[in-house]
Amino acid sequence: MSEHRVIIRRCNDYDPKLISKIIKEGMEELGVKPFGNVLLKPNTVIAHPEIFPYAFTRKEFLDGMLEALKETSENIKEISVGERCGITIPTRFCFKNAGYPEVIKKHKAKTYYFDEEKSVPVKLKKEGRLRDRVFIPKSVTKCDFLINLPKFKAHPWTRLTLSLKNFIGIQDDRHRLVDHNIHLEEKIADLQEVVQPKFIAIDGIIAGQKMMLTPEPYPLGAIIMGTNSCAVDTVCCHMVSVNPKDLKHLHLTSQRGFGPMNLDEIEVTGDFPLDEIQKKTKDFAFCMERIDDYFKDHKAVSCTLGKFPEGREYCWGGCPGSLQEAMHIFKGVSPDVEDKMEKVRVVIGKVDKPLNLEKGEKVIFAGDCTSWEGEIDGQKVKIESSYKTKTQVDEGKTKSNDMLLKNFISMIKCFTLGKKRFIHAKGCTISVADQVHYLSFLGKIENPNYDKRLFFGVAFAYLRMKVSLFWNIIRN
Ligand code: SF4
């Protein structure tokens, strides 16, 4: 019998009772008995029932997990649900929109919003690590038993987001965006050293295709369970016919000794055979495309790419991906955005050639690694790179990446442009929210950040988040 077992169970409905039964049987088969401080980490990168309905672990899944937990655990001190959602939006907002608070209350669990607590350094020792330490919320360092509850989704930067990638959400914004660039895959491998989940249950009932914030739904009808992130992610790769070696963070994490990435070393059980799933998922869609190819037929956005830093061929973990996600958000809010938008060129990397701009075409020089010299409207323009290598970035002295501050800076940049038709957007990486600001301003389209379905809820959650963060800091 193999040391690593992964269970794939059929489940076509978001029925909490059915999910609970399946997870309980999975935990018993795997001999999982949670104890002590149990922390559940779902994927709530973003959540909204209308705008982002398929991006997050569903509340029925969390409900089923919490119910199963009651029946299988021993000597529990605390059960909690913790997360830091994405793109600098307060986690409170996403939890509310995912419907989590009532489920958490029903099961008398606690909530940890990782953006509302202090982060502490954790030393890393594994050979091949990117950094010697990372910063993690206290509640994560305190937990005895971490249960990982990812959403099964394609990802435009890392191909798939499963168990390993879900740990990007254990860092607050100040630390999450450090190395969220050409080093993203190594960063994900680093995070596995901080804490390894003792049980993983992936919500693959309705999986997500192509994008991570605005995925297209795919009725996969599966719950995947295991006790080792590498083993679970390897099996999930095979479910959608991806070579596990192409999931770079899986390859790196496995090389560091955290688990297998070879199917021969994993026992796959359950009632949903892998070959049947592979036949079913032949049309599962990904979106791992360089942005110059991706936008080549777009009516409004075009891209000029140059050389990327540190000899990399492309930056899969930073500005190019956030541009793609931003454009998908516009499309989600307004499907005909391509027809309405004015032309915008996005320039990324060290570019040594003329831009040959069309009349009136605007330009975003995106990211710290971007440089270019030439003339725009008869004026000399020199964009200089301020890119810092990994060793030049001190993870202990990071910027806050506060949502309001970042919004303010990007809006000031836009409103003080005058007659210039270009912006140099700084950051490594530029967040999706910033990309949205710049694209809406230069492309003259509605800014989804001010969509009333988002704006008031986000603003209220932001205020509550700030008060709670202040309180938690003075209390500890
Ligand atoms: S500035 Fe952007 S594109 Fe350049 S390395 Fe950083 S994240 Fe990547």
| task | Say whether the condition of being without any contact (Cβ under 8 Å) to a residue 40 or more places away in the chain and over 26 Å from W157 (Cα atoms) is met by at least one residue in region 438-453. | result | yes
Those residues of region 304-320 that are near the ligand (Cβ under 9 Å from one of its atoms) and among the small types (G, A, S) come to a total of 2
Yes or no: E289 closer than 28 Å to V436 by Cα and part of a helix (DSSP H, G or I)? no
Checked region 407-465 for anything away from the ligand (no atom under 16 Å from the Cβ), open to solvent by 80 Å² or more (accessible area, probe 1.4 Å) and not hydrophobic (A, V, I, L, M, F, W, C); matches are T416, K419, K420, K444, E446, Y450, K452, R453, R464
The one condition V81 fails out of (1) buried (at least 20 other Cβ atoms within 10 Å of the Cβ); (2) modelled with pLDDT under 95 is (2)
The correct count of residues that are within 16 Å of the ligand (Cβ to nearest atom) and among the aliphatic types (A, V, I, L, M) in region 180-198 is 3
Inspect all residues belonging to region 190-208 and state whether any of them is of a type in the set (V, I, T), within 30 Å of L18 (Cβ to Cβ), assigned to a loop (DSSP other than H, G, I, E, B) and open to solvent by 10 Å² or more (accessible area, probe 1.4 Å). yes
Selection from region 130-183 of residues open to solvent by less than 10 Å² (accessible area, probe 1.4 Å), in contact with a strand residue (DSSP E or B) (Cβ under 6 Å, 6 or more places away or on another chain) and in a loop (DSSP other than H, G, I, E, B) yields P150, S163
- [ ] Return yes when K331 is surrounded by fewer than 16 Cβ atoms within 10 Å (Cβ to Cβ), assigned by TED's automatic domain parsing to the domain that holds A425 and either over 14 Å from A300 (Cβ atoms) or among the β-branched types (V, I, T) (or both) and no when it is not.
- [x] no
Listed by first then second residue, the pairs whose first member lies in region 394-411 and is touching a residue at least 12 places away in the same chain (Cβ under 8 Å), whose partner is of a type in the set (A, V, I, L, M, F, W, C), with beta carbons under 6 Å and at least 6 positions apart or on separate chains, are E395/V178; T398/V178; N401/L177
Yes or no: L263 over 22 Å from G169 (Cβ atoms) and either surrounded by fewer than 21 Cβ atoms within 10 Å (Cβ to Cβ) or under 22 Å from the mean Cα position of the chain (by Cα) (or both)?
-> yes
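The values are calculated or read from the model by the stated rules, or taken from the named source; none is laboratory data. Quick caveat: nothing in here was measured; it's all calculated off a predicted structure. A quick note on method: Cβ atoms are made from the backbone with ideal geometry, for glycine too, and the neighbour counts reach across all protein chains shown. For the accessible areas, the whole protein counts, side chains as well, though only heavy atoms, and no ligand, DNA or RNA atoms are used. Shrake-Rupley method; radii C 1.70, N 1.55, O 1.52, S 1.80 Å.
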